[in-house]
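Structure first, commentary second.
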Amino acid sequence: QVIKCKAAVLWEAKKPFSIEEVEVAPPKEHEVRIKIVATGICRTDDHAITGALVTPFPVILGHEAAGVVESVGQGVTSVKPGDKVIPLFVPQCGECKSCLSNKGNLCSKTDLCTSGGLMPDGTTRFTCKGKTIHHFLGTSTFTEYTVVHESAVAKIDSAAPLEKVCLIGCGFSTGYGAALQTAKVEPGSTCAVFGLGGVGLSVVMGCKAAGASRIIAVDINKDKFAKAKELGATECINPKDFNKPIHEVLLEMTGGGVDYSFEVIGRTDTMTEALACCQCNYGVSVIVGVPPAAQKISFDPMLLFTGRSWKGSVFGGKDLERCWKSKHSVPELVADYMKKKFVLDPLITHTLPWTKINEGFDLLRTGK
């Protein structure tokens, strides 16, 4: 049956969301229809609104969520109606080169690189006022019901609180994994984290979990500092307090640079600053923030020639021993949360009824 429900539709770029009644088609073969219970707001959604991340309109955004399976299409075996699940913006098809490799986790079926805004069969499951509405990152969670491919959903512990573990669908996994998996932060090491939103704070938590001795948090919003220290930052600095480039400040503070740096903002200028602040021979810098579309980066190649490593990380990334494959890793992370191996509550600043989604984005943009 087609389900009629409410969704936050974005009709065009740089406009507010419009709460509309939409029709959500039943799941086709190997697809799953989910009742969304909780969804987080991520800067990546805002990048789509501003045009920094190219996506077709009209669209239902959202990609960090948790819900309950409402119905499944033919051939679905991994989940059944009633299961608690997390949709995966990085699917795990199990067939492409990345899925078959233990070196990577970015499935080729992801919409991250193609920006198609459609289901794998090239169609959409959403209509509104007679118009077809595009999907976003294969998940589209700013709606009461969504349809995803079976490769883009993970079954989780039935006792998990969905309003907390929805963060494992993007922000927490992305930041925590960048520290533990992509960078492989070591005990006693020194780290710098640029940007203290939910993902940046998750990087701080990952650095602390890995045993880093110094975690220097960098942000132009000093209101973020108390939370960063609560979660493990040893020092917090504001680039606006200095009259020289922040990488020079960090080089002085650490006697030659940090072992690991993380850019968790999505700006090309801070990406090069993060690279420049790490140790010239063995420092590792990880790009975690989504880069803006159509912008190029320019930097002194000597920064790399001397031995630094520059890496990117999507959804917690990878290391040489193992890889965070979404379908496998998300249930494991939920299990770890249930065992109190890490906390999620400090990452949640506000809980709003989802009809106030525009207010939620205002809070995001004002750094609250």
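The values are calculated or read from the model by the stated rules, or taken from the named source; none is laboratory data. A quick note: this is a predicted structure, and the numbers were derived from the prediction, not measured. Here the Cβ is made from the backbone with ideal geometry for all residues, glycine too, and neighbour counts use every protein chain on show. Ligands, DNA and RNA are stripped out before the accessible areas are found, and what is left, the full protein with its side chains, is counted by its heavy atoms. Shrake-Rupley method; radii C 1.70, N 1.55, O 1.52, S 1.80 Å.
Name every residue in segment 261-295 that is of a type in the set (Ser, Thr, Tyr), under 20 Å from PHE315 (Cα atoms), open to solvent by 10 Å² or more (accessible area, probe 1.4 Å) and not in a helix (DSSP H, G or I), in order of residue number.
none
Considering each of VAL258, VAL218 in turn, give the residue that is surrounded by 20 or more Cβ atoms within 10 Å (Cβ to Cβ), of a type in the set (A, V, I, L, M, F, W, C), touching a helix residue (DSSP H, G or I) at 6+ places or on another chain (Cβ under 7 Å) and within 24 Å of PHE305 (Cα to Cα).
Just a single option satisfies the conditions, and that option is VAL258.
Checking THR272 against (1) at pLDDT 90 or above; (2) in contact with a Pro (Cβ under 8 Å, 6 or more places away or on another chain), only one condition comes out false. Which one?
So THR272 meets the others, but not (2).
Could you list, in sequence order, the residues of segment 198-212 that are in contact with a Leu (Cβ under 8 Å, 6 or more places away or on another chain) and either assigned to a loop (DSSP other than H, G, I, E, B) or more than 17 Å from CYS170 (Cβ to Cβ) (or both)?
LYS208, ALA209, ALA210
Sort through LEU53, LEU10, LEU61 and tell me the only one that's within 21 Å of CYS170 (Cβ to Cβ) and at pLDDT below 95.
LEU53
Only one residue in ALA154, ALA183, ALA179 is outside the structural domain of ILE287 (by the TED database), at pLDDT 90 or above and touching a strand residue (DSSP E or B) at 6+ places or on another chain (Cβ under 9 Å), so which one is that?
Answer to the selection: ALA154.
In the list ILE60, ILE41, ILE49, ILE19, which residue meets the criterion of being in contact (Cβ under 8 Å) with a residue 40 or more places away in the chain, open to solvent by 10 Å² or more (accessible area, probe 1.4 Å) and under 20 Å from the mean Cα position of the chain (by Cα)?
ILE41
Here is a yes/no grid of residues against (1) under 30 Å from PHE17 (Cα atoms); (2) open to solvent by 30 Å² or more (accessible area, probe 1.4 Å); (3) at pLDDT 95 or above:
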residue	(1), (2), (3)
LYS97	no, yes, no
THR132	yes, yes, yes
LYS164	yes, yes, yes
VAL193	no, no, yes
GLY198	yes, yes, no
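In segment 344-368, how many are in contact (Cβ under 8 Å) with a residue 60 or more places away in the chain, in a loop (DSSP other than H, G, I, E, B) and among the β-branched types (Val, Ile, Thr)?
Adding up the residues that qualify gives 2.
If you go through segment 171-187 one residue at a time, do you hit one that is closer than 21 Å to PRO239 by Cβ and not small (Gly, Ala, Ser)?
No, the conditions are met nowhere in segment 171-187.
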